[in-house]
Amino acid sequence: MSTRRRRVLLVSSSGGHWTELRRLAPAFDACERVWCSVLPEMRAQVAPDAFHLVPDASRWNKLRLLWSALRVALVLLRVRPDVVVSTGAAPGFFAISLAWLVGARSVWVDSIANAEELSLSGQKATRVATLTLTQWPSLGEALPTDAAARRRGTVYFGGSVV
Amino acid sequence: MIFVTVGSQLGFDRMTAAVAQWARARGRTDLFFQTGATAADLRGFASEPLLGASEIARLYDEADLVVAHAGTGSIIECMLRGKPIIVLPRSAALHETRNDHQFATARCFAERAGVHVAWNESELAPLLDRAVDPRGGISGGAGIGPFADERLLAALRAFVAE
């Protein structure tokens, strides 16, 4: 572990995803926090932390999805985070999927909105994220405190944003 | 004031129109509708399709009651302020969202103080009548803090430090 502060990139779309993401902020008080989301007004909500704007996209518009993924990749290359965190949806999924570009570890916190099954993007993120957390005990296994006991691709219950 | 909000993405006229109809029947004009794309008749009421973050925050602050889709953003904003919220889940069958996750959200949050669920639009008027009646038994919860539960924050802190 290096002596420099870890840099954490927090990525989400708007609405509930963004509300949930911001509630995670104190977990990264000891880190350099950098935020990435989809509306210009969000910059003021996380100041003085750095903020990067990317386009939002839904799975209905493939071209826009591609554009969003590209912009997220550019943010990753600029910020070079040690850890990527997301609560969804599309831009967060791209950030988690592309974290390997900069050698970052990644954690997907599935939205509390998905109380009975993991979100579609969460199911996909499970395959690529270093750690996948659900906010509902019924949807995940108990989270081992020992990192070596965790398996990539398994969903763990990590606690809730409320 | 009653703040009626459909969230930042899609219109939700099944809710918007039902609340407007209730307000007219009761002779109330002290409502603000955030509607998304809408074809509902909102003459006589204050309304906007979309609002900036600071306006939304002000409306949540000033509202005595919130009526919203069952989105986690709307629910968390009310729980933060200890305000009562009535939610109507969006239905996938009615093309109001891509799946029925809002029903799951509503089922889970229905147990939390201050969150009241109208399972369909015909349940809105009776709930609204109770909510504006001081003896109706509808009130806000105790309120929640600004951040996620300590268990989730600790899990994320440990992950970053690994």
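The numbers here are math on the coordinates, done by the rules we state, and not lab data. All values derive from a computational prediction rather than experimental measurement. So basically every Cβ, Gly included, is an ideal-geometry build from the backbone, and we count neighbours across all protein chains shown.
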**Message:** Can you compute 3J(HN,Hα) from phi for each residue in segment A:42-54, using the Karplus curve 6.51 cos²θ - 1.76 cosθ + 1.60 with θ = phi - 60°, rounded to whole Hz and x for Gly and Pro?
**Reply:** 5, 3, 5, 6, 10, 4, x, 4, 6, 9, 10, 8, 10
**Within a Gaussian network of chain A (alpha carbon springs, distance under 10 Å), most fluctuating of A:GLY122, A:GLY88, A:GLY15** = A:GLY15
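Helices from chain A with mean Kyte-Doolittle at least -1.0 and a Cα length along the axis of 20 Å or more, per DSSP H: which?
A:62-79
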**Message:** Quick check: Cα centre of segment A:8-66 to Cα centre of segment B:1-61, how many Å?
**Reply:** 26 Å
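What does the charge count near A:GLU32 come to, summing +1 for each Lys or Arg and -1 for each Asp or Glu among other residues with Cβ under 14 Å from its Cβ? Numbers along the way, then the final one.
Details: positive: A:ARG4, A:ARG5, A:ARG6, A:ARG7, A:ARG33, A:ARG78, A:ARG80; negative: A:ASP29, A:ASP49, A:ASP82.
Its environment carries a net charge of +4.
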**Message:** Show me, for segment B:136-148, the HN-Hα J-couplings you get by feeding each phi into the Karplus relation (A = 6.51, B = -1.76, C = 1.60, θ = phi - 60°), rounded to Hz, glycine and proline as x.
**Reply:** x, x, 10, 9, x, x, 6, x, 10, x, x, 10, 4
**Asked** About its Cα centre, how strong a charge dipole does the protein assembly as shown have in debye, to the nearest 20, once Lys and Arg get +1 and Asp and Glu get -1 at the Cβ?
**Response** 1060 debye
**Asked** In the P(r) worked out for the protein assembly as shown, what percent of Cα pairs fall beyond 34 Å?
**Response** 23 percent
**Request:** Give the long-range amide H neighbours of B:VAL67: residues separated by 5 or more places, or on another chain, with amide H under 5 Å away, using H modelled in the peptide plane at 1.01 Å from N.
**Result:** B:PHE3, B:VAL4, B:THR5, B:ILE86
**Prompt:** Within the protein assembly as shown, what percent of beta bridges assigned by DSSP are antiparallel, to the nearest 5?
**Reply:** 0 percent
**Complete:** In segment B:101-138, the GluC sites (Glu not before Pro) that sit in a DSSP loop and have at most 15 other Cβ atoms within 10 Å of their own Cβ are B:GLU111
**Item:** Farthest toward positive dipole pole in chain A [+1 Lys/Arg, -1 Asp/Glu at C-beta], among A:THR126, A:LEU70, A:SER106
**Value:** A:LEU70
**Fill in**
Out of B:ALA63, B:ILE138, B:GLY114 - ranked by how far each Cα lies towards the positive end of the dipole of segment B:62-139, with unit charges on the beta-carbon of charged residues - the top one is B:GLY114
**Request:** Have a look at B:ALA125, B:ALA104, B:ALA23 and tell me which one the Gaussian network model of chain B (Cα, springs below 10 Å) gives the largest fluctuation.
**Result:** B:ALA104
**Asked** What does the charge dipole of segment A:69-150 about its Cα centre add up to, to the nearest 20 debye, if the Cβ of each Lys and Arg holds +1 and the Cβ of each Asp and Glu holds -1?
**Response** 460 debye
**Item:** Among A:TRP67, A:TRP108, A:TRP18, residue whose mean-square fluctuation peaks in a GNM of chain A (springs only between Cα atoms under 10 Å)
**Value:** A:TRP67
**Request:** Please quote Rg/Rh for chain A to two decimal places, taking the Kirkwood radius as Rh and restricting both calculations to Cα atoms.
**Result:** 0.94
**Request:** Normalising by the residue count of chain A, find the relative contact order in percent from Cα pairs under 8 Å and 6+ residues apart.
**Result:** 19 percent
**Prompt:** At a Förster radius of 30 Å, what calculated FRET efficiency corresponds to the Cβ-Cβ distance of A:LEU53 and B:LEU10, to the nearest 0.05?
**Reply:** 0.85
**Prompt:** If you bin the C-alpha pair distances of segment A:19-84 every 10 Å from 0, what whole percents do you get?
**Reply:** 19, 48, 29, 4
**Message:** If amide hydrogens are placed 1.01 Å from N in the peptide plane, which non-local residues have theirs closer than 5 Å to the one on B:ALA46?
**Reply:** B:LEU31, B:PHE33
